Amino acid sequence: MAITKVLVVDDTATDLKNLEQIVSAAGYAVITARSGKEAVEKARSEHPDAVLLDVIMPEMNGFQACRAITTNAATKGIPVILVSSKGEKTDKVWGAEQGARGYVTKPYTSDQILNELRAL
């Protein structure tokens, strides 16, 4: 399946804008969300082809949102890539256990983000 529409999720405006610019400059349509809860709702309503999801967010963190997206019948086929300042091996393993298909540690390069999307 070709990736054309990407949901970008981060509670920090600067990080959200940066990811949005990287993804849109590469030719993908971009949808944004500012929380894990909003990410789950937009995954259900917008049906993106992939999700770039921050981990550290209030209310519902990225691990919880990833699990909600990857276990829901309507959204379980949407691949999730976690993007986080949490870069320990345990974080990456836990992310994979929640259903994440990729993990990028902040600070990242545009190539790292795009390579993860292309790998899907």
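The values are calculated or read from the model by the stated rules, or taken from the named source; none is laboratory data. Computed from a predicted structure; not experimentally measured. Quick reminder, even Gly has a Cβ in these numbers, built from the backbone with ideal geometry, and neighbours come from all protein chains shown. What goes into the accessible areas is simple: the full protein's heavy atoms, side chains included, and nothing from ligands, DNA or RNA. Shrake-Rupley method; radii C 1.70, N 1.55, O 1.52, S 1.80 Å.
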* To do: Please go through segment 100-120 and pick out each residue that is touching a Lys or Arg at 6+ places or on another chain (Cβ under 7 Å) and either crowded, with 18+ Cβ neighbours inside 10 Å or within 16 Å of GLU20 (Cα to Cα) (or both).
  => TYR103
* **Yes/no for ILE31 being over 17 Å from ARG101 (Cα atoms) and outside any helix (DSSP H, G or I)** => yes
* To do: Could you grab me the full set of residues in segment 1-37 that are out of contact with any Cys (no Cβ under 9 Å at 6 or more places or on another chain), over 15 Å from LEU114 (Cα atoms) and of a type in the set (Gly, Ala, Ser)?
  => ALA13, ALA33, SER35
* Of all the residues that make up segment 57-108, how many are under 21 Å from LYS5 (Cα atoms) and in a loop (DSSP other than H, G, I, E, B)? -> 12
* To do: Considering each residue of segment 5-36, count those that are farther than 18 Å from LYS106 by Cα, of a type in the set (Gly, Ala, Ser) and surrounded by fewer than 18 Cβ atoms within 10 Å (Cβ to Cβ), and give that number.
  => 5
* Output the number of residues of segment 37-56 satisfying the condition of being within 23 Å of ALA2 (Cα to Cα), open to solvent by 70 Å² or more (accessible area, probe 1.4 Å) and either in contact (Cβ under 8 Å) with a residue 24 or more places away in the chain or touching a helix residue (DSSP H, G or I) at 6+ places or on another chain (Cβ under 6 Å) (or both). => 3
* Structure fact -> Within segment 65-88, residues open to solvent by 50 Å² or more (accessible area, probe 1.4 Å) and touching a helix residue (DSSP H, G or I) at 6+ places or on another chain (Cβ under 6 Å) come out as ALA74, LYS76
